[in-house]
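All remarks here apply to the structure that follows.
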Ligand SMILES: Cc1ncc(COP(=O)(O)O)c(C=O)c1O
């Protein structure tokens, strides 16, 4: 009953086997390995973007921060939702890598920016030498509260962004695609996204995230910044092998479908229990819920692991995340303990 995060899960056998296979013999370092050639080809096919630049880093924070850094100058503003991971959970890394770029927070229900709120924020920023200047937009999908933007919603945001480059934090990109049925191209460049953090770790990899850049003119700067940030791996083949296995035979989509199905089973079950309130639409693998005070102790005694959240007096709230390895019996055991 481990629902603390999807990155608490292990690594599927196919990925471990690919790492073991990659261990044989010698390979050229720094992303010049033959497995990475295959990864680049596979990622370009997945995104239907033959000219996309594809790079691997080890963490989502690096993927996001370096993506922001190639789009935003030190005097620039990055427009993002007020709950954005780049704002709440990256310890100022985006600002550090941008060398001064500032995050400007956009409100919106259920973790989503609206085009109007975004346009208002952009219009109210810059113009004089005294403030930061609008530079880029960053959108997260799946959002930090488990809701999912459709490609049409993303396209409406990028339209509101005008000429500003747009980044997608896709730490849970596979979950968003499975939830909407969209293709990777529809969710990104066809909807006006310029740079994607294409997550792997939360969906079963040991530690690898891709950055996909649709404008090849930005690629060299990314390479330099990645090296400067200490994120160019010398034994890169082990990152490559993870992504290669991830994309082979659509494993990434299979894993995300398992995580989303477990999320739905959990949310549907919770919605049927009196006194339990779901706080946001459950559209992928994250559930935010509120229940009467005293419930945490009972759930934790039963072996449930999750993060608790602030709640009004008399209540408790929790964030639960399912993963590719969540079993029906994990879910049903949690529901039984909650029901009791
Ligand atoms: C929305 C989102 N973006 C990015 C990340 C990447 O974080 P990390 O640097 O821990 O890999 C996370 C992880 O919690 C996340 O939830």
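The values are calculated or read from the model by the stated rules, or taken from the named source; none is laboratory data. Keep in mind it's a predicted model, so treat the numbers as computed, not measured. FYI the Cβ positions are ideal-geometry reconstructions off the backbone, even for glycines, and counts take in every protein chain you see.
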Can you name the number of the only condition in (1) touching a residue at least 40 places away in the same chain (Cβ under 8 Å); (2) under 30 Å from residue 287 (Cβ atoms) that residue 97 fails? (2)
Looking at segment 54-68, is at least one residue in the same structural domain as residue 162 (by TED's automatic domain parsing), more than 16 Å from the ligand (Cβ to nearest atom) and within 30 Å of residue 319 (Cα to Cα)? no
In this structure, is residue 267 part of a helix (DSSP H, G or I) and out of contact with any helix residue (DSSP H, G or I) (no Cβ under 6 Å at 6 or more places or on another chain)? yes
Checking residue 275 against (1) crowded, with 18+ Cβ neighbours inside 10 Å; (2) not assigned by TED's automatic domain parsing to the domain that holds residue 20; (3) not in a helix (DSSP H, G or I): exactly one of these is not met. Which one? (1)
Residue 190 in the same structural domain as residue 76 (by TED's automatic domain parsing), surrounded by fewer than 20 Cβ atoms within 10 Å (Cβ to Cβ) and within 22 Å of residue 21 (Cβ to Cβ): no
Which condition number does residue 256 fail, the rest of (1) assigned to a helix (DSSP H, G or I); (2) over 14 Å from residue 170 (Cβ atoms) being met? (2)
Where residues in segment 193-245 are in a helix (DSSP H, G or I) and within 15 Å of the ligand (Cβ to nearest atom), which of them is nearest to residue 6 (Cα to Cα)? 202
For segment 279-340, please list each of the strands (runs of 3 or more DSSP E) lying entirely inside it that holds at least 3 residues being buried (at least 17 other Cβ atoms within 10 Å of the Cβ) and at pLDDT 95 or above. 286-292, 315-321
Starting from residues that are touching a strand residue (DSSP E or B) at 6+ places or on another chain (Cβ under 9 Å) and assigned to a loop (DSSP other than H, G, I, E, B), keep the ones in segment 12-57 and report whichever is surrounded by the fewest Cβ atoms within 10 Å (Cβ to Cβ). 49
What number of residues in segment 77-103 are surrounded by fewer than 22 Cβ atoms within 10 Å (Cβ to Cβ) and away from the ligand (no atom under 16 Å from the Cβ)? 3
Scan segment 65-106 residue by residue and report those that are touching a helix residue (DSSP H, G or I) at 6+ places or on another chain (Cβ under 6 Å), farther than 22 Å from residue 220 by Cα and in a loop (DSSP other than H, G, I, E, B). 83, 90
